[in-house]
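Here is the structure we will look at.
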């Protein structure tokens, strides 16, 4: 094989790879299940949340949670650092 044929062969291989990739991408079937009749127009109708009701933002419960989180964060021990000093 001569050196001048290499660019031509490279172009052919790249062209075949692109054509094959396009053919595979186009041949991949896309599937979606339609909503059953009478299901309504909400596509998220089957999703739900069993989360408890959140307290109001300015409630004492929220302030207590924030304070507890800050205390736990300040008292957390991280490897490689000296242990945190506990307030007296």
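Every read-out reported here was derived from the displayed coordinates using simple, explicitly stated rules and does not represent laboratory data. Keep in mind that this is a model prediction, so the values were computed, not measured. As a convention, Cβ positions derive from the backbone with ideal geometry for all residues, glycine included, and neighbour counts pool all protein chains shown.
At 7 Å along the Cα-to-beta-carbon direction for both residue 47 and residue 85, put a label point, then send me their distance in nm to one decimal.
4.9 nm
Please give, to one decimal in nm, the separation of the simple spin-label points placed at residue 66 and residue 8, each 7 Å out from Cα toward the Cβ.
7.5 nm
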